[in-house]
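Here the structure is laid out as structure tokens; the discussion comes afterwards.
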Amino acid sequence: GVIVINGGGKGLGYAMYQGLKSALSFNPDIIISCDADGQIDLNEIPNFLKPIEDDQADMVIGSRFLKSDSVMYKYRMINRLGVIILAKILSSFIGKKITDSHGGMRAMRTNVVRELEMLGTHTYVQETIIDASEKGFRILEIPSIWKKRHSGGSKVVSSIPTYIFYTLPILFIRSKRH
């Protein structure tokens with residue numbers, strides 16, 4: 001019963017964008033995106049749905065830093081530093097404090113996805129937040145647990161210079177400060 005959308009090898013951001021847009025064809029009320037590396041707890045899905053169902057938010061994003069015991073593995077300081085920097089950049093763009101620029105799960109009303117526009121092929125996590133904010137959608141960040149990854153490794157961490165090369169120009173353009 002699974003439908004697979006091939007991202008064509010153009011980057012995670014592009015693949016997520018295609019997947020989100022394809023999900024609209026099923027006429028859902030809410031769309032949830034989540035990483036598939038085993039780090040998120042699928043039992044948290046109701047926590048992401050409730051603020052939307054209660055009309056408190058249009059997009060709900062997870063943060064592993066809102067509660068001190070949310071990261072269930074040894075988290076490298078270099079990774080934390082990168083997330084802090086990106087979260088501060090995002091916060092300045094949207095005028096609202098964000099603590100985690102890379103939450104592994106998020107829920108969105110379909111109109112957020114319908115209106116979503118992205119420039120980059122690797123900047124899904126940041127651009128969806130910026131785009132939703134620019135369009136006046138209400139964003140809520142909630143605590144979320146991050147479990148130890150079962151297999152594989154982060155492509156972001158394996159090549160931080162490459163990630164910066166793809167991310168910063170797009171964020172600079174999205175900031176409208178160019």
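The values are calculated or read from the model by the stated rules, or taken from the named source; none is laboratory data. It should be emphasised that the depicted structure is a prediction, and the values quoted were computed from it without experimental measurement. Ideal geometry is used to build each Cβ from the backbone, glycine not excepted, and the neighbour counts take in all protein chains shown. Calculation scope for accessible area: heavy atoms of the full protein, side chains included, ligands and nucleic acids excluded. Shrake-Rupley method; radii C 1.70, N 1.55, O 1.52, S 1.80 Å.
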Hey, what's region 9-125 come to in accessible area per residue, 1.4 Å probe, Å²? 51 Å²
Using the Karplus curve 6.51 cos²θ - 1.76 cosθ + 1.60 with θ = phi - 60°, what ³J(HN,Hα) values do you get for each residue of region 16-31, in whole Hz, with x for Gly and Pro? 5, 4, 5, x, 4, 5, 5, 4, 4, 5, 8, 6, x, 7, 9, 10
By average Cβ neighbour count within 10 Å, what is the ranking of 36-42, 141-147 from highest down? 141-147, 36-42
Of the cross-linked pairs Lys67/Lys88; Lys147/Lys176; Lys74/Lys96; Lys21/Lys147; Lys10/Lys74; Lys21/Lys74, which ones have a Cα-Cα span greater than 25 Å in the structure shown? Lys147/Lys176; Lys74/Lys96; Lys21/Lys147; Lys10/Lys74; Lys21/Lys74
Keeping the other protein chains in place, figure out the carbon and sulfur percent of the accessible area of region 64-143, with a 1.4 Å probe. 57 percent
At 20 °C and a viscosity of 1.002 mPa s, what translational diffusion coefficient does Stokes-Einstein give for the chain, taking Rh as the Kirkwood radius over Cα pairs? Give it in µm²/s as a whole number. 129 µm²/s
What net charge do the residues around Leu66 carry, taking every other residue with its C-beta under 13 Å from that of Leu66, with Lys and Arg at +1 and Asp and Glu at -1? -1
